[in-house]
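J.: Before we start, here is the structure in question, set down as structure tokens.
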Amino acid sequence: MASAELQGKYQKLAQEYSKLRAQNQVLKKGVVDEQANSAALKEQLKMKDQSLRKLQQEMDSLTFRNLQLAKRVELLQDELALSEPRGKKNKKSGESSSQLSQEQKSVFDEDLQKKIEENERLHIQFFEADEQHKHVEAELRSRLATLEMEAAQHQAVVDGLTRKYMETIEKLQNDKAKLEVKSQTLEKEAKECRLRTEECQLQLKNLHDDLSGRLEESLSIISEKVPFNDTKYSQYNALNVPLHNRRHQLKMRDIVGQALAFVQDLVTALLNFHTYTEQRIQIFPIDSAIEPISPLNQKFSQYLHENASYVRPLEEGMLHLFESITEDTVTVLETTVKLKTFSEHLTSYICFLKKILPYQLKSLEEECESSLCTSALRARNLELSQDMKKMTAVFEKLQTYIHLLALPSTEPDGLLRTNYGSVLTNVGAALHGFHDVVKDISKHYSQKATIEHELPTATQKLITTNDCILSSLVALTNGAGKITSFFSNNVDCFIASLSYGPKAASGFISPLSAECMLQYKRKAAAYMKALRKVQQSLEKISKLEQEKEHWMLEAQLAKIKLEKENQRIADKLRSTSSGQGLGLAQENATGVNAAGREDVSAKAMLDPAHSTSLVPDVESREDLIKNHYMARIVELTSQLQLADSKSVHFYAECRALSKRLALAEKSKDALTEEMKVAGQNISRLQDELTTTKRSYEDQLSMMSDHLCSMNETLSKQREEIDTLKMSSKGNSKKNKSR
């Protein structure tokens, strides 16, 4: 950026310098031309001065000659005056001399006449020369003033150019200093960039080594542990069951439940509207109870009578859609198969509207042709005709967008996932249009009913039917407004719920994959239930094991009691019976005691009430044995539970390791790409650094050369300006002296 700004600045300076240089050349040429003109004028002035001096000399000589002639004329006049008296005295003598004087006089007269003519001619030449001299002098003075003015202007231009050149030189020097500072800064930055590049290369090398080690480890783990990676391909990943969002499902079910209630209201309003319209046809403009109605209205009434078979399925389709959204499903467009059914029912209803629309328009025209119809009523009928057309068009538009929303659940390529949001927005716009059209119908029909009620032939049956139609239109308007506001408030939720799909995938690829995903989800739910049952069974087994250990201990205690009782009986028999009986009892007691002598002694320690002399503390020993076995049972149970928890933990850890392995593979690919990009960036930065350094060096050298050339040019221009100043000052001095 800095180099581009400097280049732009120096380009501007170069352009200004070229302009100033061209102006300087023009001024130099003008000065040279003025010098040539001044020299020519000097030559002309010199020649004029020479001719003027010559004429002055001729004038002086003529003036001197005229003076001489004037003196001679005076002398001749004096001689003539003296000769006249003499002639009177001697006429005779004078006749001969008079003849001579007459000749002399004629000669003098001719000579005088010639001198007078010559003097007159000289006076004329002198006057003409004087006038010409004055004229030339005036021209030369005006020319001199013009030249002085032009010289002053040229001097001002030269001074301005000198100032501009000095400012430019000063500015260039400042720019040069700034560029030198900037060059030093860039050199420092280049050094820092080189250091950072070396650090980046070192880090890149370390990263490459680390990633290579990780890659080898990941590849070995993948090759040994991962038999199949189902997240690599989107069509496989779409089959993975997404995380269950119970809150999302409950919210979607609640929203669809609200939509079902609004659709039920709309269905009820549409049923009433069509039914009451059928009743109105039977009584207006002709009452069918009095005379038969027209065939057109009969056909129209027949079609309207079938409205329930087209309107009721809308409610049923919405109900099926609501029932399909449960807590256990995944609600997205690919899984809402019942939306297709609702779309088909809406298409069927629109076909019904298209079928009855021509009859409805013709029926309104028939009302307009009736003798009871006024101009105001005719205008309302025309407005209603337009409203009915708009209503059918709005329903068609709404059905088009709902059909598009139903495509992802039936056709995989029917609607792109990127267009879901725009289609939902258009559905909202279509609902707004439907609400506006229904409001217009209600408004115009209310005006029509008011006019009809004022007719003298209006019956109570017609008034009641019109009121019923108006109430159905009001209900339809309210229902349309509610569903429009409901959709506008929840459109963001609908758009946000579109992204609820398989993890790490762009969405469900096709309805078949969505159906497979739901099957897998059901299987996963069944598997989780089975695991829960297994867990419950394990808990029951653990309890049963504890009870088994307890009852085994109780059995052992009972056995010890039995042996103790046998011992007591044997002792009694020994003390009361004879020697033989005693011997037999002893043999029996010995046989019994041989199987569990140690247990008898332990039981004797635990039962001090029956053995008071031989085995003390029998009860305490029995408690010790019981506590020992209970502790053993608790220990074994805790070990079993610990083993179960460890197995579950190991299973979860294995799954987590599998997922981490998949993530490691993805991160390996991402890090490989990042390593490639980092290598490209480092090479690009090195190239840019080298290019920038070279460009700055070239720019600095060019700028230094340019500054040197500009300094030389400015020095030459200064010399030329000084020369012009000297020449203009000399010319001005010469002109002033002249």
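J.: Would you pick out the residues in region 278-292 that are without any contact (Cβ under 8 Å) to a residue 60 or more places away in the chain and touching a Phe, Trp or Tyr at 6+ places or on another chain (Cβ under 9 Å)?
T.: If the condition is that a residue be without any contact (Cβ under 8 Å) to a residue 60 or more places away in the chain and touching a Phe, Trp or Tyr at 6+ places or on another chain (Cβ under 9 Å), then Glu278 is the only one that fits.
Residues checked against (1) touching a Cys at 6+ places or on another chain (Cβ under 8 Å); (2) modelled with pLDDT of 85 or more; (3) within 30 Å of Lys251 (Cα to Cα):
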residue: Thr326; (1), (2), (3): no, no, yes
residue: Thr329; (1), (2), (3): no, no, yes
residue: His345; (1), (2), (3): no, yes, yes
residue: Ser370; (1), (2), (3): no, no, no
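J.: Still on this structure, I have one more. Pairs please, first residue from region 629-642 and within 11 Å of Glu547 (Cα to Cα) and in a helix (DSSP H, G or I), second anywhere and modelled with pLDDT of 75 or more and among the acidic types (Asp, Glu), Cβ atoms under 6 Å, 6+ apart in sequence or on different chains.
T.: Ile633/Glu549
J.: I'd like to know if region 347-354 contains one or more residues that are at pLDDT 90 or above, open to solvent by 60 Å² or more (accessible area, probe 1.4 Å) and of a type outside the set (Val, Ile, Thr).
T.: yes
J.: Step by step: first the residues of region 524-536, then only those that are surrounded by fewer than 12 Cβ atoms within 10 Å (Cβ to Cβ) and not aliphatic (A, V, I, L, M), then the one that is nearest to Thr335 (Cα to Cα). Which residue is that?
T.: Filtering first and then ranking leaves Tyr527.
J.: Also, quick follow-up: From Lys461, Lys390, Lys443, which residue is touching a Gly at 6+ places or on another chain (Cβ under 9 Å), part of a helix (DSSP H, G or I) and open to solvent by 70 Å² or more (accessible area, probe 1.4 Å)?
T.: Lys390
J.: Which of the numbered conditions does Ser422 fail, given that it passes all the others? Conditions: (1) farther than 29 Å from Pro295 by Cα; (2) touching a Pro at 6+ places or on another chain (Cβ under 7 Å); (3) of a type in the set (S, T, N, Q).
T.: Result: Ser422 fails condition (2) only.
J.: A follow-up question, please. Taking region 663-681 only, how many residues are open to solvent by 50 Å² or more (accessible area, probe 1.4 Å) and closer than 12 Å to Leu207 by Cα?
T.: Selection size over region 663-681: 2.
J.: Could you check region 269-304 and list, in sequence order, the residues that are at pLDDT 85 or above and out of contact with any helix residue (DSSP H, G or I) (no Cβ under 7 Å at 6 or more places or on another chain)?
T.: Hits for region 269-304 are Thr275, Pro295, Gln298, Gln302.
J.: Moving on to the next point. Can you say whether Glu189 is assigned to a helix (DSSP H, G or I), farther than 25 Å from Lys19 by Cβ, of a type in the set (D, E, K, R) and in contact (Cβ under 8 Å) with a residue 12 or more places away in the chain, as far as the supplied structure shows?
T.: Considered against the rule, which asks whether it is assigned to a helix (DSSP H, G or I), farther than 25 Å from Lys19 by Cβ, of a type in the set (D, E, K, R) and in contact (Cβ under 8 Å) with a residue 12 or more places away in the chain, Glu189 comes out as no.
J.: Within region 291-313, does at least one residue satisfy the condition of being under 30 Å from Ala496 (Cα atoms) and surrounded by 15 or more Cβ atoms within 10 Å (Cβ to Cβ)?
T.: yes
J.: Inside region 166-225, can you point out the residues that are among the hydroxyl-bearing types (Ser, Thr, Tyr) and within 42 Å of the chain's Cα centre (by Cα)?
T.: Once the filter is applied, which keeps residues that are among the hydroxyl-bearing types (Ser, Thr, Tyr) and within 42 Å of the chain's Cα centre (by Cα), region 166-225 yields Ser183, Thr185, Thr197, Ser212, Ser218.
J.: What about Tyr651, is it on the phi < 0 side of the Ramachandran plot, in a helix (DSSP H, G or I), out of contact with any Cys (no Cβ under 9 Å at 6 or more places or on another chain) and surrounded by 15 or more Cβ atoms within 10 Å (Cβ to Cβ)?
T.: no
J.: Residue check, Thr418 against (1) free of Cβ contacts under 8 Å to residues at least 60 places away in the same chain; (2) β-branched (Val, Ile, Thr); (3) surrounded by 16 or more Cβ atoms within 10 Å (Cβ to Cβ), all met but one. Which one?
T.: That leaves (3) as the condition not met.
Matching residues to (1) within 30 Å of Gly160 (Cα to Cα); (2) at pLDDT 75 or above; (3) in a helix (DSSP H, G or I):
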{"residue": "Val32", "(1), (2), (3)": "yes, yes, yes"}
{"residue": "Lys46", "(1), (2), (3)": "no, yes, yes"}
{"residue": "Leu55", "(1), (2), (3)": "no, yes, yes"}
{"residue": "Asp60", "(1), (2), (3)": "no, yes, yes"}
{"residue": "Thr63", "(1), (2), (3)": "no, yes, yes"}
{"residue": "Leu75", "(1), (2), (3)": "no, yes, yes"}
{"residue": "Pro85", "(1), (2), (3)": "no, no, yes"}
{"residue": "Ile124", "(1), (2), (3)": "no, yes, yes"}
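J.: Right, here's the next one. Can you tell which of Lys572, Lys559, Lys548, Lys540 is over 60 Å from the mean Cα position of the chain (by Cα), loosely packed, with under 13 Cβ neighbours inside 10 Å and more than 30 Å from Asp644 (Cα to Cα)?
T.: None of the others qualify; the one that does is Lys572.
J.: Right, next: Just the residues that are open to solvent by 70 Å² or more (accessible area, probe 1.4 Å) and touching a residue at least 40 places away in the same chain (Cβ under 8 Å), please, taken from region 192-210.
T.: The answer is Arg194, Gln201, Leu207, His208.
J.: Going through region 7-55 one residue at a time, which ones are closer than 21 Å to Lys176 by Cα and open to solvent by less than 100 Å² (accessible area, probe 1.4 Å)?
T.: Residues satisfying the conditions are Gln7, Gly8, Lys9, Tyr10, Leu13, Ala14, Glu16, Tyr17, Ser18, Leu20.
Yes/no matrix, rows are residues, columns are (1) over 30 Å from Ala458 (Cβ atoms); (2) in a helix (DSSP H, G or I); (3) of a type in the set (A, V, I, L, M):
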{"site": "Val330", "(1), (2), (3)": "yes, no, yes"}
{"site": "Thr335", "(1), (2), (3)": "yes, no, no"}
{"site": "Leu339", "(1), (2), (3)": "yes, yes, yes"}
{"site": "Thr347", "(1), (2), (3)": "yes, yes, no"}
{"site": "Leu361", "(1), (2), (3)": "no, yes, yes"}
{"site": "Leu377", "(1), (2), (3)": "no, yes, yes"}
{"site": "Thr400", "(1), (2), (3)": "yes, yes, no"}
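The values are calculated or read from the model by the stated rules, or taken from the named source; none is laboratory data. This is a predicted model, so every value here is computed, not measured. With ideal geometry, Cβ positions are generated from the backbone for all residues, glycine too; neighbour counts draw on all protein chains shown. Note: areas computed on protein heavy atoms with side chains; ligands, DNA, RNA excluded. Shrake-Rupley method; radii C 1.70, N 1.55, O 1.52, S 1.80 Å.
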